[in-house]
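Before any comments, here is the structure.
The values are calculated or read from the model by the stated rules, or taken from the named source; none is laboratory data. Nothing here was measured: the structure is a model prediction, and the numbers come from that model. Here the Cβ is made from the backbone with ideal geometry for all residues, glycine too, and neighbour counts use every protein chain on show.
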Amino acid sequence: MQIETSWMLPLPIFEWIERNIPFGSTILEFGSGEGSKRLSVNYDLYSVEHNPEWLEFSKSTYIYAPIKLSDKYQGEIGWYDIERIKENLPSKIDLMIIDGPNGSIGRSGLLDHVDSFSWEFPVIIDDLHREKEYAFSQHLSEKCNLQCTHYSKSDEEMSSNRRSFGVFLRKEKV
């Protein structure tokens, strides 16, 4: 049984992945950690990570991408080095997980690099209960023509411990 920690993806994300993404598929995750261990057991996992302490934490293929500083997005200090990411991307992506960089750095830098990905795969964005991550998800949805299904998890004992994430899929062409 997987023990959930406050820093890892919530268990409902793993349940969604294991129901919807066949074992052996390729997952690209931004930000790695405890959850990477579980994902790397059944998936071909590529983990983009800026913190050397988290490299080689799981059986993932790590892409070390230091943060490139930028003040373009208010309240965020930068995003991963996109060149390092592009040099090491897998040829096919079946799922993208956006759970990094952490909130003190920011995720909005991805908006400047949407043309680096096809967006023909599901995207999971964690931490949508946070204002900045939610705003980022809405901008990404608009830029990439994605539609979101929101999921929420609450700890009944502590209602302030609400977590939410979204699964984003390409909108059907009308």
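Before moving on, here are some points about what is shown:
- Condition check for Asn88: under 17 Å from Leu28 (Cα atoms) and at pLDDT below 95: no
- Looking only at segment 126-144, and only at residues there that are touching a Leu at 6+ places or on another chain (Cβ under 9 Å) and touching a residue at least 12 places away in the same chain (Cβ under 8 Å), the one that is surrounded by the most Cβ atoms within 10 Å (Cβ to Cβ): Asp126
This table checks each residue for (1) at positive phi; (2) touching a residue at least 24 places away in the same chain (Cβ under 8 Å).
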residue	(1), (2)
Arg84	no, no
Ser91	no, no
Asp94	no, yes
Ile97	no, yes
Gly103	no, yes
Gly106	yes, yes
Asp112	no, yes
Trp119	yes, yes
Ile124	no, yes
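- Only one entry in Phe14, Phe57 is in a loop (DSSP other than H, G, I, E, B), among the aromatic types (Phe, Trp, Tyr) and either surrounded by 13 or more Cβ atoms within 10 Å (Cβ to Cβ) or out of contact with any Lys or Arg (no Cβ under 6 Å at 6 or more places or on another chain) (or both), namely Phe57.
- Condition met for Gln138 (touching a Cys at 6+ places or on another chain (Cβ under 9 Å), polar (S, T, N, Q) and at pLDDT 95 or above): yes
- Residue check, Leu69 without any contact (Cβ under 8 Å) to a residue 60 or more places away in the chain, closer than 22 Å to Phe165 by Cα and among the hydrophobic types (A, V, I, L, M, F, W, C): no
- Single match in Ser36, Ser40, Ser47 (criterion: part of a strand (DSSP E or B), polar (S, T, N, Q) and either exposed (fewer than 14 other Cβ atoms within 10 Å of the Cβ) or free of Cβ contacts under 8 Å to residues at least 40 places away in the same chain (or both)): Ser47
- When segment 17-33 is limited to residues that are under 13 Å from the mean Cα position of the chain (by Cα) and not in a strand (DSSP E or B), the one that is surrounded by the fewest Cβ atoms within 10 Å (Cβ to Cβ) turns out to be Gly33.
- Condition met for Gly31 (small (Gly, Ala, Ser), under 20 Å from Glu133 (Cα atoms) and touching a Gly at 6+ places or on another chain (Cβ under 7 Å)): yes
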